[in-house]
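Undergrad: Below is a structure I'd like to ask you about.
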Amino acid sequence: MAELAGLEDPKARAVNEKHGDDHGVNLGKLRAIAKRLKTQQDLACALWETGDTAARLLALLICRPKAFGRDELDAMLRAARTPKVHDWLVNYVVKKSPQAEELRTAWFADPDPVVASAGWALTTERVAKKPEGLDLVGLLDVIEARMKDAPDRLQWAMNHCLAQIGIEHPEHRARALEIGERMEVLKDYPTSPGCTSPFAPAWITEMVRRQA
């Protein structure tokens, strides 16, 4: 904790806080510490319990994803209220867990939009890598009905799922493009030069072009 405190950078904190993340540690330096520590499950659990955002990010880098039970992961997600901790928990830990599919279905319908966004993120992963058994038409129906008015984090996750369906599944591409065009979600999102816009029609079109 003392080492993490020593890496605190007020400028980095100011930038991170604009995105809802309450820490000022450079992520490259955080990854360097994780590389030095290697996997240490007990230390990861202790770091998580501090509640400190930088410590929790480090914990997610050095933990053993398969060591957590379903209820532990559910409790961790509900306690992960900053975007970066939430994202890393889902992407670095939950996706590697044997409980990922069970948690996906449980979180997908959760009344808490932040928890539900994790269910959508796991669904998007399946859309891309393991779509067998998914009701893609049903997903598009839900996106069409709810994405426009969804809270920010949930809206972002739904939009990613919409784009992924359009990119990976040509038979649904026209509908995905039409939904995106009509809803205009993230159409005006500021995008750096050279980066792909998160506006679903632009995202789908660019990724399909690259694949071709």
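Undergrad: Taking interchain pairs and intrachain pairs at least six residues apart, which have beta carbon atoms under 7 angstrom, with the first residue in region 97-109 and over 21 Å from Arg64 (Cβ atoms) and the second open to solvent by less than 70 Å² (accessible area, probe 1.4 Å) and in a helix (DSSP H, G or I)?
TA: Trp107/Val115; Trp107/Ala116; Trp107/Ala118; Trp107/Gly119; Phe108/Ala116; Phe108/Gly119; Phe108/Trp120; Phe108/Thr123
Undergrad: Any residue that is farther than 14 Å from Ile143 by Cβ, of a type outside the set (Asp, Glu) and open to solvent by less than 70 Å² (accessible area, probe 1.4 Å) - is there at least one of those in region 183-191?
TA: Taking region 183-191 and keeping what is farther than 14 Å from Ile143 by Cβ, we get 187-191.
Checking the rest, the ones that are also of a type outside the set (Asp, Glu) come to 187, 189-191.
Right, trim to open to solvent by less than 70 Å² (accessible area, probe 1.4 Å) and you get 191.
For region 183-191, residues farther than 14 Å from Ile143 by Cβ, of a type outside the set (Asp, Glu) and open to solvent by less than 70 Å² (accessible area, probe 1.4 Å): present.
Undergrad: Failed condition for Lys66, given (1) free of Cβ contacts under 8 Å to residues at least 24 places away in the same chain; (2) open to solvent by 70 Å² or more (accessible area, probe 1.4 Å), with all others met?
TA: For Lys66, the failing item is (1).
Undergrad: Please find, among Val85, Val90, the residue that is farther than 15 Å from Ala157 by Cβ, hydrophobic (A, V, I, L, M, F, W, C), at pLDDT 95 or above and within 11 Å of the chain's Cα centre (by Cα). Don't jump to the end; show me each part of the working.
TA: Working: Val90 fails: farther than 15 Å from Ala157 by Cβ.
Among Val85, Val90, only Val85 is farther than 15 Å from Ala157 by Cβ, hydrophobic (A, V, I, L, M, F, W, C), at pLDDT 95 or above and within 11 Å of the chain's Cα centre (by Cα).
Undergrad: Out of the residues in region 70-82 that are basic (Lys, Arg) and assigned to a helix (DSSP H, G or I), which is least open to solvent (accessible area, probe 1.4 Å)? Step through it out loud before you land on a result.
TA: To start, the set of residues in region 70-82 that are basic (Lys, Arg) comprises 70, 78, 81.
So of that shortlist, the ones also assigned to a helix (DSSP H, G or I) come out as 70, 78.
Working: Arg70: 69, Arg78: 96 Å².
The residue in question is Arg70.
Undergrad: Taking the stated definitions as given, is Gln99 in contact with a Lys or Arg (Cβ under 7 Å, 6 or more places away or on another chain), surrounded by 13 or more Cβ atoms within 10 Å (Cβ to Cβ) and either closer than 22 Å to Met1 by Cβ or modelled with pLDDT of 95 or more (or both)? Talk me through it step by step, then tell me what you get.
TA: Details: in contact with a Lys or Arg (Cβ under 7 Å, 6 or more places away or on another chain): yes; surrounded by 13 or more Cβ atoms within 10 Å (Cβ to Cβ): yes; either closer than 22 Å to Met1 by Cβ or modelled with pLDDT of 95 or more (or both): yes.
When the stated conditions are applied, Gln99 passes them.
Undergrad: Here's another thing I want to ask about it. Considering each of Ala14, Ala55 in turn, give the residue that is at pLDDT 95 or above and small (Gly, Ala, Ser).
TA: Working: Ala14 fails: at pLDDT 95 or above.
When all the criteria are applied, what remains is Ala55.
Undergrad: Which of the residues belonging to region 83-110 are out of contact with any Gly (no Cβ under 8 Å at 6 or more places or on another chain) and not in a helix (DSSP H, G or I)?
TA: Listed by number, the residues that qualify are Ser97, Pro98.
Undergrad: Look at Lys66 and say whether it is assigned to a helix (DSSP H, G or I), modelled with pLDDT of 95 or more and within 16 Å of Trp88 (Cβ to Cβ). Full working, then the answer.
TA: Details: assigned to a helix (DSSP H, G or I): yes; modelled with pLDDT of 95 or more: yes; within 16 Å of Trp88 (Cβ to Cβ): no.
Answer is no for this residue.
Undergrad: Looking at this structure, is Val127 open to solvent by less than 10 Å² (accessible area, probe 1.4 Å), farther than 15 Å from His86 by Cβ, in a helix (DSSP H, G or I) and among the β-branched types (Val, Ile, Thr)? Give the derivation first.
TA: Details: open to solvent by less than 10 Å² (accessible area, probe 1.4 Å): yes; farther than 15 Å from His86 by Cβ: yes; in a helix (DSSP H, G or I): yes; among the β-branched types (Val, Ile, Thr): yes.
So Val127 passes the test.
The values are calculated or read from the model by the stated rules, or taken from the named source; none is laboratory data. Keep in mind it's a predicted model, so treat the numbers as computed, not measured. Using ideal geometry, Cβ is built from the backbone for each residue, glycine included, and neighbour counts are taken over all protein chains shown. Side chains are part of the model used for accessible areas, which takes the heavy atoms of the whole protein and leaves out ligands, DNA and RNA. Shrake-Rupley method; radii C 1.70, N 1.55, O 1.52, S 1.80 Å.
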